[in-house]
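First the structure, in the form of structure tokens, and then the observations on it.
The values are calculated or read from the model by the stated rules, or taken from the named source; none is laboratory data. Given the structure is predicted, the values throughout are model-derived calculations rather than measurements. Cβ placement follows ideal geometry from the backbone for every residue including glycine, while neighbour counts extend to all protein chains displayed.
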Amino acid sequence: MTAALPAAAAVSPARVADERAENTGLTALRGTAIFVVLYHFMAVLLGREYPEHTQLFIRAHLLVDGFFMLSGYVICWMYRRQFEDGFRVSRYAGYLAKRLARIYPMHFAAMLAMLVLWWWQYGPRFGPFGVDQAANFPWRPFFRHATMSQSWWVDNPLTLNAPAWSVSVEWAAYLAFPILLAIGSWLARRPLYLAFLLPFLAAVALAALNPERQLNLHDIRGVLRGWIDFTIGIMLFQAMRTRPDHRLWDVLGKDGVVAALFLAVPVAMHFGVPDPVTLMLIAFLVAGASRCRGWMGRAMASAVPNWLGVASYSIYLNHWPVLTLWLFLHGRTVVIGEAADTLIYLLVVLAVSAVTFPLIEAPGRRWLRRAFARIGV
């Protein structure tokens with residue numbers, strides 16, 4: 001998700017340039033969606049067990065937590081001023097309209113793609129994942145996907161376009177943003193050790209609700225997971241905005257530290273470090289990437305990471321329909337070789353996303369915003 005500079009009075013050119021530099025660093029972080037694509041491909045398509053010597057793939061769900069955290073940071077950056085002087089229904093409605101226009105067109109298109117694939121494979125009968133079983137038309141999952149509420153329940157939300165469970169969590173965070181903004185801003189005013197410790201303890205408590213003691217939760221507990229991540233992002237932005245000269249931000253923004261954090265997150269995942277600890281590493285990485293100005297900053301702002309970040313939403317939502325089509329065509333058999341199949345699949349997802357982003361996601365966003373503007377929202 002990229003962000004436009006929020007309207008503000010008397011913003012200096014230096015400050016504008018600084019905020020744009022922050023945006024390029026955060027946009028590049030979203031390119032880690034590629035890893036989630038590979039994660040699902042290896043887990044579902046190849047149908048093999050994860051390598052025993054690493055927990056890297058088992059812990060890949062933490063990258064989704066990073067997305068939620070980035071969203072909290074960016075949404076606070078863009079919309080906090082609308083709620084700083086109190087809650088107003090008209091402002092809240094306008095804010096929700098903009099966020100709905102941002103996420104709904106691509107979400108709806110991916111959902112329709114899954115329905116078309118299932119109809120092509122099964123006719124009038126559908127499988128819950130479009131792979132193994134057939135059942136009547138999934139009205140309940142369809143309704144929940146159409147309203148982006150599939151993760152607001154206690155039963156399985158991983159239906160239709162399964163990765164869209166996180167879109168449901170994102171929408172829940174958008175709806176709760178005024179409350180989360182208040183909590184995150186309150187945390188930002190506390191001593192920094194406490195600002196990080198309290199969300200860490202909340203993540204520990206949430207992970208305890210999972211028998212595996214992980215944050216890999218997708219139902220209503222996933223909504224709580226998203227709220228925690230979102231609040232961390234808000235806290236980071238507010239703390240860095242109100243205390244821009246704090247030494248912690250200078251340290252985290254150094255090239256070597258950002259590079260070390262880029263390595264520390266997958267290393268922590270590899271060794272199975274408890275999820276709440278890795279979550280804090282991701283928070284430090286977000287803070288560092290937003291301040292990095294040297295060679296790491298230039299690397300993150302380069303063409304490939306920036307495009308992957310800009311198109312990450314399309315990549316994330318497209319990879320499941322592409323995966324489903326591959327399964328329908330080839331099953332779980334290896335076609336050429338595991339490495340070659342993975343590369344081909346990845347290239348197909350990128351190619352599809354290179355089409356859907358300019359033809360569906362971006363114009364759909366503009367069309368919905370104009371539609372809302374016409375009715376005064």
Restrict the check to segment 306-329 and report whether at least one residue is exposed (fewer than 13 other Cβ atoms within 10 Å of the Cβ) and of a type outside the set (A, V, I, L, M, F, W, C).
-> no
Considering residues that are without any contact (Cβ under 8 Å) to a residue 24 or more places away in the chain, farther than 23 Å from residue 162 by Cβ and part of a helix (DSSP H, G or I), the number found within segment 202-226 is 1
Among the residues of segment 52-62, is there at least one that is assigned to a helix (DSSP H, G or I) and at pLDDT 85 or above?
-> yes
Test each condition in (1) aromatic (Phe, Trp, Tyr); (2) in contact (Cβ under 8 Å) with a residue 12 or more places away in the chain; (3) under 20 Å from residue 274 (Cβ atoms) for residue 171 and report the one that comes out false.
-> (3)
Conditions: (1) under 19 Å from the mean Cα position of the chain (by Cα); (2) at pLDDT 95 or above; (3) under 30 Å from residue 89 (Cα atoms). Residue 203 meets all but one. Number of the miss?
-> (3)
In segment 154-164, the residues that are buried (at least 24 other Cβ atoms within 10 Å of the Cβ) and modelled with pLDDT of 85 or more = 161, 164
Answer yes if at least one residue in segment 168-185 is over 26 Å from residue 104 (Cβ atoms) and either among the aromatic types (Phe, Trp, Tyr) or in a loop (DSSP other than H, G, I, E, B) (or both), and no otherwise.
-> no
Is there a residue in segment 295-317 that is closer than 30 Å to residue 81 by Cα, without any contact (Cβ under 8 Å) to a residue 60 or more places away in the chain and outside any helix (DSSP H, G or I)?
-> yes
